[in-house]
Amino acid sequence: MRVPLSWLREYVPIEMPIDELTEKLSIATAEVEGLERIGVPDADGNLERFRVGRVLEAEKHPNADRLQLCRVDIGEGEPRQIVCGAWNFGPGATVAVALPGAVLPGGLELERRKVRGELSDGMILAEDEVELGPDHAGIMVLAEGPEPGTPLAEVLPLVEDVLVLEPTGNRPDLLAVYGIAREVAALQAVPLGPWPGSDPGPVPNRQVEVEVADFEGCPRYIGRLFENVRIGPSPLWLKARLLAAGMRPIANVVDITNYVMLALGNPLHAFDFDTLGGGRIVVRRARNDEKLRTLDGVERRLEPDDLLIADAERAIALAGIMGGEETEIGESTAKVLLEAANFEPFTIFRTSERLRLRTEGSNRWEKGVDPYLAAPAAELATQLLRDLAGADWTAQADVHAGLPERPVVCFRPERADEVIGLETPEHDQYMLLGRLGFDRDGGNVVVPTWRARDISREIDVVEEVARFRLEDVPFTLPLRRAMFGSLTREQRLRRRVEEALVGLGFAETYTPSLVADDETAWKLPEPIAVELTALRTSLLPSLVEAARRNVDAGAGRIALFEIARVYFSNGELPNERLHLAAIAQGGFARAKGVVETVYEALKAEPRFERGEHHLLHPGKTARTSAGVLGELNPRVLPGEWGAVELDLELLFSESREPVAYEDVITYPAVRQDLAFVVPEEIEAGELVDAAREAAGPELREVEIFDVYRGEQVGEGKKSIAFSVAFQSPERTLSDEDAAALREKIADALAKRFGAILRSA
Amino acid sequence: MTENEATVAAVDWEAYEREASAALAAANSPPELDGARVRYLGRKSELAQALRGVRDRESGMLLNGIRERLEAAVTEREQRLEDEELDHRLRDEFVDVTLPGEQLAVGHLHPITQVRRIVEDSFLGLGYEIWDDREVETVEYNFDKLAFAPTHSSRSPRDTFYFDETHLLRTETSPSQIHVLEKQAPPIYMVSIGRVYRRDAITATRYPIFHQFEGLAVDEGITLADLKGTLLHVMRALYGPERQVRFRTHFFPFTEPSIEPDVSCGICGGVGCRTCKYSGWLEMGGAGVVDPQVFQNVDVDPERWSGFAFGCGLERAAQLRHNIPDIRLLWDGDLRVLRQF
């Protein structure tokens, strides 16, 4: 919402420095995006160089057919000679003059210069040159009155400060200059000026024919008929206000509807009455397959939920959103039907959403406009139509099925103090609420109509008090009872995994959880980009891409990990699992080392089996009960890469955390090396498992330290060397005990794998 | 008189000891020392020979005394020579300390994780529990139970990622408030941290996927002032002890009163600069007192219990804390960026 300050001042005095006001508005009312200065730059006495002038002589330029040579009195005694390209004036006209040295809004500095051989000692201004209007067809001809030489800024709003606010969705009352003024009045504790506009003269007896067929969608419809309307440009002050507020002036009638919307917050619409079939208005829902060409020239196909303004025959406007082309006000319009209605938010929202058509009007309606507002809006518009378009008000209608009562809400000032945590004297609370339009009624307050949608409960009234006290709210902490914070086991172990990977030199990364089409049911039907279409079921592809980008960027020692969710189809909602994925330069052994270290950090023991994965090398892929690891298939990414993806919940379930102490000090371990010759296809892990099974818990450690192939062991065979430690927590093992254990292992391995014990 | 007896008597042992001591003291290298040791203490030395012939107690004591003292002198001298040699070596050895060390790798926690941990730790310190919930939500939990009006713009498919009419990617971590309130009776102090999704185009300041932390306190007698104190604590943990916090009014469907917290700008110290758009303040997210309607939606008595809730973006916190100009840098996985943290 753009609020020109000169307009705001019409409704409320501004008594504090503007910076202080914007800060207070930001805190109590709505975010202030800024204070914009528009129009003529006012630094270095620039405004002094803009004067009122009276044209003394005007004739054709001797060397140019399209230029006029004028002599203009600007109160200096001696008139100035000025060359001008416009012809919409003659001797005697009061005009706006910029003198040499003047800087125009665009930054252009005027110079005294010769135009086609004749000196031009200044410029006669058109409205667009000082940002007062869009027109450049002629220069501004001012009303008679001001003496030549009068500073132009005293006659025209050459400089304007515009407050740019962004009210929240619950405050449609702030999408109006008068609504902002009400807040400014409350902030400064000064009175707010009266509603602008009042009905001129007697209310006509003739009725406009209005039928509201759907009071749910249209709770109120005020229609007013105006005759003898003279369509023409709006006066400069109005054009300047619309421009400053961000709307483009068009012609008086349409400008007036926009002006009233900006002033009060009630969107209006004007129809050319002579184009209405049967001269009547019907508010109804659309029929199947009904069509309407809207003002933007688009033919809209309507649906039965859409609320329409129709005449006796056809649709003439999309209620609250946009008028129709056929009933648009034109230059020859003589009779205007003014609509000051009220529309229900959800109806407007749904249609505007479906048609993807948002307008200044729909934006206000969908937030809920006060139905009482239609009357003052109609009054202000009526006054302006009479004053600015010479219109006669000849007929009227105000159709509604009863307007809602003002809400009455229980309000306890002490409750406000309890919620805010700050005492505000009762008297101050009621004073403040009074300035905002609330009335006190014993232990209740009566809510103003323009806040009725937003305020229906005591807490809503408390907020009204709170927002004016935010700067004074103290800093306290809750008086907690019996609450203690601690990380859960999963949260603690997650941190341990993160630390372990950081310790291994991995850099943590974050990648998007949406990917190009994955094999998942969870796809967005309308993604913002193809590569952000589906919820991923695996983190690895994203890490491969990140690794690739790093290769391209020339990074060395690439090692990345990520902990994030993946999403598996699982009935109504996906099964969201926390995964860990890592990728690093180095082959299978790197991947395996990473997995072993992560397990070690979690006090868990991994069991590896051969596995498969579409991104991994078919011969160099393993799995554990928590996931997969291996060397990347070189087709996926050139070079040797280790890759891992584990499910953290499964991983954590294997953690022995908290670890139970084992006595390994009282009775010493017996350490031995054992080497077995086995057929090539036997995997070392199988031997370890079998050895553990055979020897039981007294085999405390078993580690593989060498794999040997060669003549001594024979073709198709290999020797695997283990270092083992036998130990008991209850006694010292003798050499005989150790020998017996070794025997058990050798027997078991011989039986299951044909393994031959090489060393004794 | 035997030969040995003669030997004992034939030598002036006082002079022998003096001479030997002098020779040992004069030895300037291990070989010299060894030579002197062999000469005066070795198997063929006069002392060793004399000792072999000793028969009487008196001579034995005399000669053994000399031997022990000389052996001690050898050990002492040996130690001394070793020390001197080491001193020498240490004097001669040196490295170019400006050359790089052994290449040991240490990794890096992502700035978002670092900020997440600061947030987690501050709330743990305040007695909160950490909780995360599902990212795929229903319209019921993401909007309805949080009292979003049917016309609220967040419901629009232009703002929110829908899978179908009832399923969507959560637009804030607030649905977890509802899940917690349904599962657990007050008092509740929890902070929920996780990914959220909004239908924004990717730019320097917006990313359709980001992280939020969202706190909820429900207890008897919770006030807006408690919210202000809590946020001050967390903002100072994130940005430093000098930071100030202020509230601005706002609107959220699930809080009443609703506010937006600002933290004073750390770049200009609150005077106004480009980062804070010359306001001296930086927006931090949204917050407010839990709307009684939300309590009613989960069968918690709003007359007895009150609470506050707030939500802030982790990316924004990481950007502010580490001066990261472009949000996309947090999502690119670029080691040139990650290795700085």
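The values are calculated or read from the model by the stated rules, or taken from the named source; none is laboratory data. Remember, predicted model here, so these are calculated numbers, not experimental data. Heads up, the Cβs are rebuilt from the backbone with ideal geometry, glycines too, and the neighbour counts pull from every protein chain shown. Note: areas computed on protein heavy atoms with side chains; ligands, DNA, RNA excluded. Shrake-Rupley method; radii C 1.70, N 1.55, O 1.52, S 1.80 Å.
Out of all the residues in segment A:22-47, which are surrounded by fewer than 19 Cβ atoms within 10 Å (Cβ to Cβ), part of a strand (DSSP E or B) and at positive phi? Within segment A:22-47, A:GLY34 is the sole residue that qualifies.
Scanning segment A:585-640 for residues that are touching a Phe, Trp or Tyr at 6+ places or on another chain (Cβ under 9 Å), in a loop (DSSP other than H, G, I, E, B) and open to solvent by 30 Å² or more (accessible area, probe 1.4 Å) turns up A:GLU605, A:PRO606, A:PRO634, A:GLU640. With respect to (1) exposed (fewer than 12 other Cβ atoms within 10 Å of the Cβ); (2) at positive phi, the lone exception for A:ALA660 is condition (2).
Among the criteria (1) more than 7 Å from every other protein chain (Cβ to nearest Cβ); (2) outside any helix (DSSP H, G or I); (3) among the acidic types (Asp, Glu), the one B:GLU256 does not fulfil is (1).
Could we say that A:ILE14 is in a loop (DSSP other than H, G, I, E, B) and at pLDDT 95 or above here?
For A:ILE14, the condition - in a loop (DSSP other than H, G, I, E, B) and at pLDDT 95 or above - is met.
Scanning segment A:48-72 for residues that are in contact with a Pro (Cβ under 8 Å, 6 or more places away or on another chain) and open to solvent by less than 40 Å² (accessible area, probe 1.4 Å) yields a total of 7.
Total residues in segment B:86-103 satisfying the condition of being part of a loop (DSSP other than H, G, I, E, B) and either over 30 Å from B:TRP331 (Cα atoms) or at the interface with chain A (Cβ under 8 Å from one of its Cβ atoms) (or both): the figure is 10.
Tell me, yes or no, whether segment A:188-200 has at least one residue that is modelled with pLDDT of 95 or more, more than 30 Å from A:GLU160 (Cβ to Cβ) and surrounded by fewer than 20 Cβ atoms within 10 Å (Cβ to Cβ). No: zero hits.
Screening the candidates A:ARG415, A:ARG492, A:ARG440 for the property of being loosely packed, with under 15 Cβ neighbours inside 10 Å and in a helix (DSSP H, G or I) yields one hit, A:ARG492.
When A:LEU504, A:LEU532, A:LEU560, A:LEU539 are checked against the criterion of being more than 7 Å from every other protein chain (Cβ to nearest Cβ), closer than 22 Å to A:LEU615 by Cβ and aliphatic (A, V, I, L, M), A:LEU539 stands alone in meeting it. Out of all the residues in segment B:258-279, which are charged (D, E, K, R) and at pLDDT below 90? Within segment B:258-279, B:ARG274, B:LYS277 qualify.
The listed residues are B:ALA36, B:ALA25, and the only one of them that is surrounded by 15 or more Cβ atoms within 10 Å (Cβ to Cβ) and under 13 Å from B:ARG77 (Cβ atoms) turns out to be B:ALA36. Looking only at segment A:143-153, residues that are touching a residue at least 60 places away in the same chain (Cβ under 8 Å) and either of a type outside the set (Asp, Glu) or not assigned by TED's automatic domain parsing to the domain that holds A:ASP73 (or both) come to 7 in all.
Among the residues of segment A:224-243, are any out of contact with any His (no Cβ under 7 Å at 6 or more places or on another chain), within 30 Å of A:PRO134 (Cα to Cα) and free of Cβ contacts under 8 Å to residues at least 40 places away in the same chain?
Yes; the residues of segment A:224-243 include at least one that is out of contact with any His (no Cβ under 7 Å at 6 or more places or on another chain), within 30 Å of A:PRO134 (Cα to Cα) and free of Cβ contacts under 8 Å to residues at least 40 places away in the same chain.
Taken over segment A:499-512, the criterion of being surrounded by fewer than 21 Cβ atoms within 10 Å (Cβ to Cβ) and assigned to a helix (DSSP H, G or I) is satisfied by A:GLU499, A:ALA500, A:VAL502, A:GLY503.
Quick one: A:LEU422 ticks every box in (1) more than 7 Å from every other protein chain (Cβ to nearest Cβ); (2) within 19 Å of A:ALA28 (Cα to Cα) except a single one, so which number is it? For A:LEU422, the failing item is (1). No other residue among B:LEU227, B:LEU216 is buried (at least 17 other Cβ atoms within 10 Å of the Cβ) and either within 15 Å of B:GLU129 (Cα to Cα) or not assigned by TED's automatic domain parsing to the domain that holds B:VAL115 (or both) apart from B:LEU216. Just one of the listed residues (A:GLU686, A:GLU701, A:GLU693, A:GLU680) is in the same structural domain as A:ALA746 (by TED's automatic domain parsing) and loosely packed, with under 13 Cβ neighbours inside 10 Å, and it is A:GLU680. Note on segment A:303-327: residues that are surrounded by fewer than 21 Cβ atoms within 10 Å (Cβ to Cβ) and closer than 20 Å to A:PHE346 by Cα total 3.
Please indicate, with yes or no, whether at least one residue in segment B:79-101 is open to solvent by less than 30 Å² (accessible area, probe 1.4 Å) and in contact (Cβ under 8 Å) with a residue 24 or more places away in the chain. Steps first, answer last, please.
Here is the first cut: in segment B:79-101, the ones open to solvent by less than 30 Å² (accessible area, probe 1.4 Å) are B:81.
Add one more test, that the residue is in contact (Cβ under 8 Å) with a residue 24 or more places away in the chain, and what stays is B:81.
For segment B:79-101, residues open to solvent by less than 30 Å² (accessible area, probe 1.4 Å) and in contact (Cβ under 8 Å) with a residue 24 or more places away in the chain: present.
Candidates in segment B:304-325 are the residues that are away from chain A (no Cβ under 14 Å) and more than 23 Å from the chain's Cα centre (by Cα); of these, the one that is farthest from B:LEU109 (Cα to Cα) is B:GLY311.
For segment B:286-323, enumerate the residues that are surrounded by 18 or more Cβ atoms within 10 Å (Cβ to Cβ) and farther than 19 Å from B:SER176 by Cα. Selection gives B:GLU315, B:ARG316, B:ALA317, B:ALA318, B:GLN319, B:LEU320. Once segment B:230-244 is narrowed to residues that are of a type in the set (A, V, I, L, M, F, W, C) and open to solvent by 10 Å² or more (accessible area, probe 1.4 Å), the residue that is farthest from B:GLN177 (Cα to Cα) is B:ALA237.
Out of the residues in segment B:105-120 that are of a type in the set (A, V, I, L, M, F, W, C) and more than 8 Å from chain A (Cβ to nearest Cβ), state the one that is farthest from A:ILE558 (Cα to Cα). The selected residue is B:VAL119. The residues in segment A:108-137 that are exposed (fewer than 15 other Cβ atoms within 10 Å of the Cβ) and either part of a strand (DSSP E or B) or among the small types (Gly, Ala, Ser) (or both) can be counted, and the count is 6.
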